[in-house]
Amino acid sequence: MGKKFSIINKKIMTFSDELILLLKARYPLIYVSTQEEDRLEYIIRKSIQNLLSRGIFTWDFVDGYTLNINSNNIAKRNPLQALEFIETFVPETANVFILKDFQKFFNDIAVSRKLRNLVRVLKIQPKTIIIIASNITIPEELRDIITIIQFKLPQLDEIKNELEKLLKSLNQEIDYKFFELLAQACQGLSLERIRRVLAKTIATYKIIDDRSINLVLKEKSQLISQTEILEFWPATEKLSYIGGLDNLKSWLKKRSNSFSEQATNYGLPIPRGLLLVGIQGTGKSLTAKAIANDWKLPLLRLDVGRLFGGFVGESEERVRQMTQISEALAPCILWIDEIDKAFKESKGDSGTTNRVFSTFLTWLSEKKSPVFIVATANDISSLPLEIIRKGRFDEIFFIGLPTFEERKMIFQIHLSMLRPDTWHAYDINLLTTNSENFSGAEILQSIIEGMHFAFYEKREFTTNDILLGIQQIIPLAQVDEEKIEKLQNWALSGRIRLASKLL
């Protein structure tokens, strides 16, 4: 590939390290949740073969234990017998028993009781049961005897190794920078999905090139949509599309390369995120999309309402799933819209809101992965103090109603996009003067109103049409004048950083 790709081994405990440690410590029952059953089993076998001398036996409900040609299907369709089989080995024999999808039988009283009886014996024997499941569902009576290990999606070094093997098999060399971009794009996918999407690329284009990244991103979008928690959001907006907010734009510009390898080598800590507070329609959500586009990072949108499930423990599990997906796709932007409406405690929810909020706050404080949070809120007074204290976000910005100069920029931006050849013919100063206390969204709507008037009369829209549109709109600042004025005055008091140079 022209340049040798070096993979940095970070001094962190890997899944293999943790597994070996638990086996040596004689933990009797280990639970691993993953969708990558084959990859997990491969890593378990490789870890044990390299560091420990132990036999490995695998069971599933359909085939039972498959030991050799003469003894197949032991304990087939019989989970209780699968546990009894473990007792047949002499106490001194060191073995690992991999039971697939075994969590589905936890509600069987015979299986649950047998597991608890068996664990007492295994504590003093070099035997370990490893349960592989697609999700974590553990009944109360078994929680104390089960140890859960996190098995993450392939890390960057694993993905690079896989890509190197593929490129070598194709006898293809690619640019180092593109190799890094492709590997980064593949983060968040299982090895099997990576192989499938790259096989699709080769079948379609006969080569690995820029088009491969688009196919990888489509695969990611499909995967994320299946979770029903996060959305893979296409970001086409740019910061230049936003009028004003010079302080915020300057802050973002200085951090645009903070996720690069150069920033890491320099010793810069990874940016945590932003909380954007302000009046509706002033560009908070647009800013989140623009950051992702300008920083060339994938944008994930979290609908906080989807975190809450109907079953006990389901909401907390969804938070964990959200954080795992976000971290697997890192570096990325996680956009949380209207966070102030999400964590208002509901009476009669048995404390679910508080537990979800607590789990989410813990992740915000302790996350080490490059997931940049962009949260928006309309009413900062309804946010718990825990979420706005330093350490959760790098900065909190207030976005107020646009100033005269900012409104002028907003009119120019929208008109130049709608009429790139004739936008200068509109009297932008007049429009700006007549749109006092309008938000960016209301300015755009006034232009659209003017376009409707002209389109109905089958002619090109003019400044007068937009002025008529302005007259038809009652801005939010006028509807709830007292509240907006109070919010603007609070922002000017110096308690929060202003996104604009002049409010």
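Restricting to helices (runs of 4 or more DSSP H) lying wholly in the range 284-398: which have 2 or more residues that are modelled with pLDDT of 85 or more and out of contact with any strand residue (DSSP E or B) (no Cβ under 7 Å at 6 or more places or on another chain)?
Numbers: elements: 284-295, 314-328, 352-366, 385-388.
Here the list reads 284-295, 352-366.
If you check SER435 against the conditions, is it surrounded by 15 or more Cβ atoms within 10 Å (Cβ to Cβ), in contact with a Ser or Thr (Cβ under 7 Å, 6 or more places away or on another chain) and either among the aromatic types (Phe, Trp, Tyr) or outside any helix (DSSP H, G or I) (or both)?
Values: surrounded by 15 or more Cβ atoms within 10 Å (Cβ to Cβ): yes; in contact with a Ser or Thr (Cβ under 7 Å, 6 or more places away or on another chain): yes; either among the aromatic types (Phe, Trp, Tyr) or outside any helix (DSSP H, G or I) (or both): yes.
The answer is yes for SER435.
Taking into account only those residues within the range 481-493 that are out of contact with any helix residue (DSSP H, G or I) (no Cβ under 6 Å at 6 or more places or on another chain) and either among the hydrophobic types (A, V, I, L, M, F, W, C) or surrounded by 14 or more Cβ atoms within 10 Å (Cβ to Cβ) (or both), which is nearest to TYR426 (Cα to Cα)? Spell out the reasoning first.
Looking only at the range 481-493, we keep the residues that are out of contact with any helix residue (DSSP H, G or I) (no Cβ under 6 Å at 6 or more places or on another chain), and these are 481-483, 485-493.
Those left that are additionally either among the hydrophobic types (A, V, I, L, M, F, W, C) or surrounded by 14 or more Cβ atoms within 10 Å (Cβ to Cβ) (or both): 487-488, 490-492.
Details: LEU487: 33, GLN488: 30, TRP490: 36, ALA491: 33, LEU492: 33 Å.
Checked the range 481-493; the qualifying residue nearest to TYR426 (Cα to Cα) is GLN488.
Only helices (runs of 4 or more DSSP H) wholly contained in the range 86-191 count here; list those with 2 or more residues that are under 28 Å from the mean Cα position of the chain (by Cα) and of a type in the set (A, V, I, L, M, F, W, C).
156-170, 176-186
Please identify the pairs in which a residue from the range 267-280 that is closer than 28 Å to ASP379 by Cα has its Cβ atom under 6 Å from the Cβ atom of a residue that is in a loop (DSSP other than H, G, I, E, B) and of a type in the set (S, T, N, Q), counting only partners at least 6 apart or on another chain. Going by the 6 Å Cβ cut-off, the qualifying pairs are PRO271/SER258; GLN280/ASN378.
LEU364: without any contact (Cβ under 8 Å) to a residue 24 or more places away in the chain, of a type in the set (A, V, I, L, M), more than 25 Å from SER500 (Cβ to Cβ) and surrounded by fewer than 21 Cβ atoms within 10 Å (Cβ to Cβ), yes or no? Outline the logic, then answer.
Details: without any contact (Cβ under 8 Å) to a residue 24 or more places away in the chain: no; of a type in the set (A, V, I, L, M): yes; more than 25 Å from SER500 (Cβ to Cβ): yes; surrounded by fewer than 21 Cβ atoms within 10 Å (Cβ to Cβ): yes.
It is false that LEU364 is without any contact (Cβ under 8 Å) to a residue 24 or more places away in the chain, of a type in the set (A, V, I, L, M), more than 25 Å from SER500 (Cβ to Cβ) and surrounded by fewer than 21 Cβ atoms within 10 Å (Cβ to Cβ).
Has the range 467-479 got any residue that is in contact with a Leu (Cβ under 8 Å, 6 or more places away or on another chain), under 17 Å from THR403 (Cα atoms) and either surrounded by 16 or more Cβ atoms within 10 Å (Cβ to Cβ) or β-branched (Val, Ile, Thr) (or both)? Checked against the condition, which is being in contact with a Leu (Cβ under 8 Å, 6 or more places away or on another chain), under 17 Å from THR403 (Cα atoms) and either surrounded by 16 or more Cβ atoms within 10 Å (Cβ to Cβ) or β-branched (Val, Ile, Thr) (or both), the range 467-479 yields at least one hit.
Taking SER225 as the residue in question, decide whether it is farther than 18 Å from GLU327 by Cβ, in contact (Cβ under 8 Å) with a residue 24 or more places away in the chain, assigned to a helix (DSSP H, G or I) and of a type in the set (Gly, Ala, Ser).
Values: farther than 18 Å from GLU327 by Cβ: yes; in contact (Cβ under 8 Å) with a residue 24 or more places away in the chain: no; assigned to a helix (DSSP H, G or I): yes; of a type in the set (Gly, Ala, Ser): yes.
In short, no.
The values are calculated or read from the model by the stated rules, or taken from the named source; none is laboratory data. Keep in mind that what you see is a predicted model, and the values were worked out from it rather than measured. Cβ atoms come from the backbone with ideal geometry, glycine included; neighbour counts cover every protein chain shown.
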